[in-house]
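Novice: One structure, pasted below without further comment.
The values are calculated or read from the model by the stated rules, or taken from the named source; none is laboratory data. Keep in mind that what you see is a predicted model, and the values were worked out from it rather than measured. Heads up, the Cβs are rebuilt from the backbone with ideal geometry, glycines too, and the neighbour counts pull from every protein chain shown. Surface areas here come from the heavy atoms of the whole protein model, side chains and all, with no ligands, DNA or RNA. Shrake-Rupley method; radii C 1.70, N 1.55, O 1.52, S 1.80 Å.
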Amino acid sequence: MPDRFFLGQSGSFSRAVRAFPLAGVLIALVPALVLYMLSQTGDALVTSMIALSLMVLLTGALHEDGLADAADGLGGGRDREHALAIMKDSRIGSYGVVAMLLSFLLRAASLAALARFDSSLAAVSMLAAACLSRSVMIWHWSALPPARTNGVAVAIGAPERGSRNLALLIGGVMGLIFIASHLGIPVAIFAILVCAAAGQFFTAFVRRKLGGHTGDTIGATQQVSEIVLLSTLALIA
């Protein structure tokens, strides 16, 4: 967006996080529509890859980059300082490559399985994953202190409590509506709880390894929770 819209702003995301789940839905809207339309006549796996590729273009692979860096640091770091140093390095290692491959493969396979069952279910699942994963991401962000004294995560500020709670509410309600519209409320609640548990487990792992969050672990949380939600829906649909 043009920088004129942000003149006079501090650059802090403390209050802006409340809009992240809605932003996720807006970002996923066109890819979900493409997935729905193409899966009517095309191969489900190919159309799922096209939809995911479009999503990556729209986001600039922001969260995928975080996942790769976090995987390299958390997987290859001998200790906290070594892990943080690896995550700061712009080069990608084997852990990062594998993490990104698994991210695309699991999400594409899950969306394809959902599309073969019901193309509209695949589309709304993509929307649900986009909003819920960003709510879980905000939870991770607020649950841990910054792992560094400087860096992107420090510069943009911590989520305000009220904004965090609103983001969790918006993401949870929208996710529930999207999933329940096709699979019912019990299945929707179960899938959301599994997604939340994955985010909590990853947060606990990061706390143990780093003692706090970074911009990379925030992005990785979004990816992990999105993968888990789509995989869960594909397995139980």
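Novice: Out of the stretch 16-72, which residues are touching a residue at least 12 places away in the same chain (Cβ under 8 Å) and among the β-branched types (Val, Ile, Thr)?
Specialist: VAL17, VAL25, ILE27, VAL30, VAL34, THR47, ILE50, THR59 - these are the residues of the stretch 16-72 that are touching a residue at least 12 places away in the same chain (Cβ under 8 Å) and among the β-branched types (Val, Ile, Thr).
Novice: Further question on the same structure: Cβ-Cβ distance below 6 Å, separation of 6 or more or different chains: which pairs start in the stretch 73-85 with a residue that is of a type in the set (D, E, K, R) and end on one that is open to solvent by less than 50 Å² (accessible area, probe 1.4 Å)?
Specialist: Hits for this filter: ARG80/LEU210.
Novice: When the stretch 61-89 is examined, which residues are found to be more than 21 Å from the chain's Cα centre (by Cα) and in a loop (DSSP other than H, G, I, E, B)?
Specialist: GLY77, ARG78, ASP79, ASP89
Novice: Looking for something open to solvent by less than 80 Å² (accessible area, probe 1.4 Å), modelled with pLDDT of 95 or more and not small (Gly, Ala, Ser) - is there at least one such residue anywhere in the stretch 70-81?
Specialist: Yes, the conditions are met somewhere in the stretch 70-81.
Novice: Could you tell me which residue of the stretch 33-48 is farthest from the chain's Cα centre (by Cα), considering only residues that are surrounded by fewer than 18 Cβ atoms within 10 Å (Cβ to Cβ) and not acidic (Asp, Glu)?
Specialist: Once the filter is applied, the top-ranked residue is THR41.
Novice: Additional query: For the subset of the stretch 90-126 comprising residues that are of a type in the set (D, E, K, R) and surrounded by fewer than 22 Cβ atoms within 10 Å (Cβ to Cβ), which member is farthest from VAL46 (Cα to Cα)?
Specialist: Among residues in the stretch 90-126 that are of a type in the set (D, E, K, R) and surrounded by fewer than 22 Cβ atoms within 10 Å (Cβ to Cβ), the one farthest from VAL46 (Cα to Cα) is ARG91.
Novice: Taking the stretch 215-233 as the search range and keeping residues that are open to solvent by 30 Å² or more (accessible area, probe 1.4 Å) and aliphatic (A, V, I, L, M), which one is nearest to SER181 (Cα to Cα)?
Specialist: Ranking the candidates gives VAL228 first.
Novice: Quick check on GLY162: is it small (Gly, Ala, Ser), at pLDDT below 95 and not in a helix (DSSP H, G or I)?
Specialist: The answer is no for GLY162.
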